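Engineer: Just dropping this structure here.
The values are calculated or read from the model by the stated rules, or taken from the named source; none is laboratory data. Just so it is clear, the structure is predicted and the values come from calculations on it, not from any experiment. Here the Cβ positions follow ideal geometry from the backbone for every residue, glycine too, while neighbour counts run over all protein chains shown. Note: areas computed on protein heavy atoms with side chains; ligands, DNA, RNA excluded. Shrake-Rupley method; radii C 1.70, N 1.55, O 1.52, S 1.80 Å.
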Amino acid sequence: MCAMCAQFNIQAMERKHMSAFSIYQSVSGTTTPAVQAVSPPAKKPKKKENAMHSNKKTNQQKRGKAVKSSGKPSSSDKAQGEESCVTECREGFNNPALHTLLTDLAKVNNSRERANRLFQWLIHPVQAKSFFRDNWEKKPILIQRQNPDYFKGLFSTAEFDLILRNENVQYGVNLDVTSYTNGKRETHNPPGRALPYTVWDFYESGCSIRMLNPQAFSSAVWQVLSILQETFGSMVGANTYLTPPGTQGFAPHYDDIEAFVVQLEGKKHWRVYKPRSEDEVLPLVSSPNFSQAEIGQPIMDVVLEAGDLLYFPRGFIHQGDCLPDAHSLHITVSSYQRNSWGDLMLKLMPAAMEIAMEEDVEFRRGLPLDYLQYMGVQHSEKEDPRRDKFMAHVQGLTKKLAHFAPIDAAVDQKARDFLHDCLPPMLTAEEQASSVYGAPARWRDGEALDVAVQIKGQTQIRLVRAGAARLCSDGDNVLLCYTTENSRVYHKEQPKSFKIQAEHIDAVELLIHSYPKFITVASLPCDKAAAKASLAELLFEKGLIHTAKPLTAE
């Protein structure tokens, strides 16, 4: 029997007098293998000294004139009743610049509130409530701002050039070189490090440049994504796309994520198509490349300019190409990959079945002696009352299974996955000064000074972020899973957690539920003062808490 199964007694979980330890002691962290997304097209190394020299002018001529759009659906789209997919906002918005916004957000006491305000800025002037009601997982929305500086400071071609010069950017890992001509999508990655000499040669030859994880190199992107992940309760990632004038880098396809296309520089012509069938609505994996004949007519045909934003749900086919007179740089912010009810049920149902078999004799009774004689594919077309009885019995057991479902334990498994996926928090200057990163320990005059961190009973502490840590269990131990030691590169580090002693469980739970308030170390519900101090020091050393005021050494 798995550890999750042994844990769950619904009535016991409802008893208010139970300690946190007795609850978490019974919760399992058993995981099921993750389902992998469709692999991307095979990479093709190019010959001729790691460079591709296509005829850029010819490519532009083949593409012809790009469609210019006001952002409104065509008459044919309206005939299909799809005009509601486009929302235009054509005022000149003067919302705060990104650096001003982030400075203001640093003063917000609650990280969840920071996330909500940043998301509202992202989709301004559309209200978040209406967005999640009308568009999220339902239909695309276009926001046109006529403000080319709206996203200034998030990422730029100049910053990308500096990254190529100063960072170890690897083809196929951090960067892809792609093209899409005559209906054929190709990847042109040579081996090794991507350096400006070769990358800009590819670009001048008509290739698109995709950076796969800009948050690993750009502090601004890291900060924005690490804040937004608390809005979605799911990993928020990003890719940047730099496309030369008159070219297209990718074939039509759909993705398995919710996509926010943020236009940073230049212009890009986008066509978006509704899912081709019910089977492709909110898909679990990304699609292969489609030909133009496979996708029908677009429901959106628009041109994004700097400062604009386009959202489309997973499953909506899309393609973007550059106008002849302008390059394009955009960043796609993505979330909600493998975060469906079905993904939760994949973790829940195997455990529910093991619990049911342990606790209910009906699940342990033997199958009919002769069931192989009338069940199975080879008997599926036969009319046999024994088949009807068998089917009805299975349906009855399936209904009973819900009673045994360890829902909280399965949700904790999803939470552990999320914490592993997360970016580490990017601390403000004040948070750094009052955390382990600003501790007074230092080296001077040949010796280590101020090593002893003075956390006292009256010291006020809180988590660095609302979602930075979560109590879970592996069946035998209570664990604190956390994000502060994650890498900015997806899954570069193993999941981070450590065992919590029984005497510390209630105290950690108090810290989690007290956020965003500071509480004193003395108020932690531990039996002994030494236990309170040892927990506070452990959490401080892991970067999980910070103090109301910077610590000073005595």
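Engineer: Using alpha carbon centroids, what distance separates region 156-173 and region 188-219, in Å?
Structural biologist: Region 156-173 and region 188-219 have Cα centres spaced 7 Å from each other.
Engineer: How large is the convex hull of the Cα atoms of region 260-311 per residue, expressed in Å³ as a whole number?
Structural biologist: Spelled out: Cα convex hull of region 260-311, divided by residues, is 104 Å³.
Engineer: Given H placed on each backbone N at 1.01 Å, which residues far from Ile317 in sequence or on other chains put an amide H within less than 5 Å of it?
Structural biologist: The list, which skips near neighbours in sequence, is Tyr273.
Engineer: I would also like to ask the following. When only the heavy atoms of the protein chains count and the probe is 1.4 Å, how do Lys532, Lys389 rank by accessible area, highest first?
Structural biologist: Lys389, Lys532
Engineer: Going toward the positive end of the dipole of region 461-545, with +1 on Lys and Arg Cβ and -1 on Asp and Glu Cβ, which of Ala536, Leu463, Gln501 do you reach last?
Structural biologist: Working it through, the farthest residue towards the positive pole turns out to be Leu463.
Engineer: Then there is this: More than 17 Å apart: what percent of Cα pairs in region 291-332 qualify?
Structural biologist: 41 percent
Engineer: Using θ = phi - 60° and the Karplus curve 6.51 cos²θ - 1.76 cosθ + 1.60, what whole-Hz ³J(HN,Hα) does each residue of region 141-152 get, with Gly and Pro shown as x?
Structural biologist: Residue by residue, region 141-152 yields 8, 10, 10, 10, 10, 6, 9, x, 9, 4, 9, 4 Hz.
Engineer: In straight Cα distance, which aspartates and glutamates are under 15 Å from Lys414, not counting same-chain residues fewer than 8 positions off?
Structural biologist: List returned: Glu230, Asp343, Asp474.
Engineer: Quick one: net charge of Thr428's neighbours, Cβ under 13 Å, K/R +1, D/E -1?
Structural biologist: Residues close to Thr428 contribute a combined charge of 0.
Engineer: Determine the shape class of region 460-510: with a ≥ b ≥ c the square roots of the Cα gyration tensor eigenvalues, call it rounded for a/c under 1.5, and otherwise prolate if a/b is greater than b/c, oblate otherwise.
Structural biologist: oblate
Engineer: Mind listing the phi-derived Karplus ³J(HN,Hα) values for region 387-398, rounded to whole Hz, using 6.51, -1.76 and 1.60 with θ = phi - 60°, and x for any glycine or proline?
Structural biologist: Taking θ as phi minus 60°, the curve returns 5, 4, 5, 4, 4, 5, 5, 4, 4, x, 5, 4 Hz for region 387-398.
Engineer: Something else now. Kindly provide log₁₀ I(q)/I(0) values, in the same order as q = 0.17 Å⁻¹, from the Debye equation applied to equal alpha-carbon scatterers of region 171-312.
Structural biologist: Rounded to two decimals, the profile gives -1.19.
Engineer: Determine the sum of side-chain charges near Arg314: Lys and Arg each +1, Asp and Glu each -1, restricted to other residues whose C-beta is under 9 angstrom from that of Arg314.
Structural biologist: Summing Lys/Arg as +1 and Asp/Glu as -1 gives -4.
Engineer: What does the charge add up to near Gln120, with Lys and Arg as +1, Asp and Glu as -1, over the other residues with Cβ less than 12 Å from its Cβ?
Structural biologist: +2
Engineer: Moving on. Once R0 is set to 25 Å, what does the formula 1/(1 + (r/R0)^6) return for the Cβ-Cβ distance between Phe132 and Leu344, expressed as a FRET efficiency to the nearest 0.05?
Structural biologist: Calculated transfer efficiency: 0.85.
Engineer: State which entries of Lys347/Lys496; Lys107/Lys542; Lys267/Lys492; Lys456/Lys492 exceed 27 angstrom in Cα-Cα distance in the structure shown.
Structural biologist: Lys267/Lys492; Lys456/Lys492
Engineer: Same structure again: Ratio of region 108-207's C-alpha Rg to 2.2 N^0.38 Å, to two decimals?
Structural biologist: So the Cα radius of gyration is 1.50 times the expected 2.2 N^0.38 Å.
Engineer: Over all directions, the average projected area of the alpha-carbon convex hull for region 298-416 comes to how many nm²?
Structural biologist: Value for region 298-416: 13.9 nm².
Engineer: If you average over every viewing direction, what projected area does the convex hull of the Cα atoms of region 203-287 give, in nm²?
Structural biologist: Mean orientational projected area (region 203-287, Cα hull): 7.0 nm².
Engineer: Return the FRET efficiency for the residue pair Asp370, Asp445: r is the Cβ-Cβ distance, R0 is 60 Å, and the value is rounded to the nearest 0.05.
Structural biologist: It comes to 0.10.
Engineer: On to the next question. Which whole-Hz ³J(HN,Hα) couplings does region 159-170 yield from phi under the Karplus relation 6.51 cos²θ - 1.76 cosθ + 1.60, θ = phi - 60°, glycine and proline marked x?
Structural biologist: Per-residue couplings from phi come out as 5, 4, 4, 5, 4, 4, 6, 10, 10, 8, 8, 9 Hz.
Engineer: So what are region 414-554's ellipsoid semi-axes, whole angstrom, largest first, if each one is the square root of 5 times an eigenvalue of the alpha-carbon gyration tensor?
Structural biologist: The equivalent ellipsoid of region 414-554 has semi-axes of 24, 20, 14 Å.
Engineer: Give me the distance between the Cα centres of region 252-329 and region 353-424, rounded to whole Å.
Structural biologist: 39 Å
Engineer: Would you mind getting me the FRET efficiency between Leu510 and Ala293? Use the beta-carbon distance for r and R0 = 51 Å, nearest 0.05.
Structural biologist: With R0 = 51 Å, the Cβ-Cβ based efficiency is 0.25.
Engineer: Sorted by packing (mean other beta-carbon atoms within 10 Å per residue), highest first, where do 518-530, 332-344 land?
Structural biologist: Final packing ranking: 332-344, 518-530.
Engineer: Taking the mean number of other Cβ atoms within 10 Å as a proxy for protection, how do you rank 203-210, 486-493, 147-154 from highest to lowest?
Structural biologist: Going from most to least packed, we get 203-210, 147-154, 486-493.
Engineer: Taking a ≥ b ≥ c as the square roots of the eigenvalues of the Cα gyration tensor of region 319-385, is the shape rounded (a/c under 1.5), prolate (a/b larger than b/c) or oblate?
Structural biologist: oblate
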